[in-house]
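The values are calculated or read from the model by the stated rules, or taken from the named source; none is laboratory data. These figures come from a predicted structure and were not determined experimentally. Every residue, glycine as well, gets a Cβ built from its backbone with ideal geometry; the counts of neighbours run over all protein chains shown. Accessible surface is based on the protein model in full, side chains and every heavy atom, while ligands, DNA and RNA are left aside. Shrake-Rupley method; radii C 1.70, N 1.55, O 1.52, S 1.80 Å.
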Amino acid sequence: MKRIIRTLALVFAVFLGAISSTSTAGAATEVLPDLRMRKLGNFYIQQASNGEKRLRFTTMIANAGPGRFELHGYRASTTVARMNIRQRIYNTAGAYRRVEIPQASTYMFFAGDGHSHWHVYKLQRFEIRPLDANGKEGELKGTGAKTGFCFWDNTVYKLSLPGAPQTPYYTSCGGSTSVNVKMGISVGWSDKYSAGLAYQWIKINGLRDGNYKVRVIADPQNWFLESNNANNGTWTDIKISGNTVTVLRQPY
């Protein structure tokens, strides 16, 4: 009789273990985005009509996965100037949870700067610092004029990444009468800001000719959830000589 009881107990334990294992294997897990700045390019100097000397360049912010980077803006009515922001964090089952971003941190605003739509305030940061003869960085000499960033799938990054859609999914950033806006970057895609776009510059009046490091950082305040915050920045060493810019060195 004792042997039968032991056998039944063992069978029951194996049964419970199998249920537990199946439940664990089938549980959905969250997949976070991974923002990554791609190589900077198209450096040139603009002498503006208002007397500003501007260093212009192209930036691209990519999503290296494994999850999509998606933000939702919302406001009570069209009379409210700013939108609050929620980030959607998806899981492997396709469901999501909402993460509210305090408006004291960032928000969406509408701008008619040649590409009229909603922008996220200070999603990226541009910096320029001088380099001495040994390549050591000096103090900050300038930051970017651009403060608003709308992002969508407009440039391919790596469509071979797991979960990367082969065609763009995020394609707009709403209009002036929108009360709800969805914008994002899919896994394997990036958003490109060309050097000639409005406010895509650092004011460099007063900077001497010499070598400088230009650094661009995505989500510099870590407002948004990611799988890796350590790879959000990129840099380029340049040489400024009069109105000429020469690229000296880049990380990749």
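Any chance you could get the radius of gyration and Dmax over the Cα atoms of the chain, in Å?
24.0, 98
How high is the FRET efficiency between residue 252 and residue 81 when r is their beta carbon distance and R₀ equals 51 Å, given to the nearest 0.05?
Given R0 = 51 Å and the Cβ-Cβ separation, E is 0.80.
Quick one: what do you get for region 48-144 if you divide its Cα Rg by 2.2 N^0.38 Å? If you can, show how the numbers build up before the last one.
Values: Rg = 18.6 Å, N = 97, 2.2 N^0.38 = 12.5 Å.
The value comes to 1.48.
In Å, what Kirkwood hydrodynamic radius results for region 175-221 from the alpha-carbon pair distances? Write out the running numbers ahead of the final one.
Working: mean 1/r = 0.0662 Å⁻¹.
It works out to 15.1 Å.
Regarding region 27-97, what is the average projected area of its C-alpha convex hull, in nm²? Display every interim value, and only then the final one.
Numbers: hull surface 32.8 nm².
Spelled out: convex hull of the Cα atoms, projected over all directions, averaged, 8.2 nm².
Can you list the equivalent-ellipsoid semi-axes of region 127-252, largest first and in whole Å, using the square root of 5 times each Cα gyration tensor eigenvalue?
Details: eigenvalues 201, 65, 40 Å².
Computed over region 127-252, the values are 32, 18, 14 Å.
Quick check: convex hull of the Cα atoms in region 93-162, volume per residue, rounded to a whole Å³? Show your work: numbers first, answer last.
Working: hull volume 15.5 nm³, N = 70.
Taking the convex hull of the Cα positions in region 93-162, it is 222 Å³ per residue.
Put +1 on the Cβ of each Lys and Arg and -1 on the Cβ of each Asp and Glu in region 88-194; which of 118, 165, 108 then has its Cα farthest toward the positive end of the dipole?
After comparing all options, I get 165.
Rank 181, 224, 196 by how far each Cα sits towards the positive end of the charge dipole of the chain (+1 on Lys, Arg Cβ; -1 on Asp, Glu Cβ) and give me just the farthest.
So the residue furthest toward the plus end is 224.
Tell me the carbon and sulfur percent of the accessible area for the chain, rounded to whole percent, probe radius 1.4 Å.
The C+S portion of the solvent-accessible surface of the chain is 52 percent.
Per-residue HN-Hα couplings for region 186-202, Karplus 6.51 cos²θ - 1.76 cosθ + 1.60 at θ = phi - 60°, whole Hz, x for Gly and Pro?
3J(HN,Hα) across region 186-202, in whole Hz: 6, 4, x, 10, 9, 10, 9, 10, 6, 4, x, 6, 4, 6, 8, 7, 10.
Are there trypsin sites (Lys or Arg not before Pro) in region 149-221 that DSSP marks as loop and that have at most 10 other Cβ atoms within 10 Å, and which are they?
208
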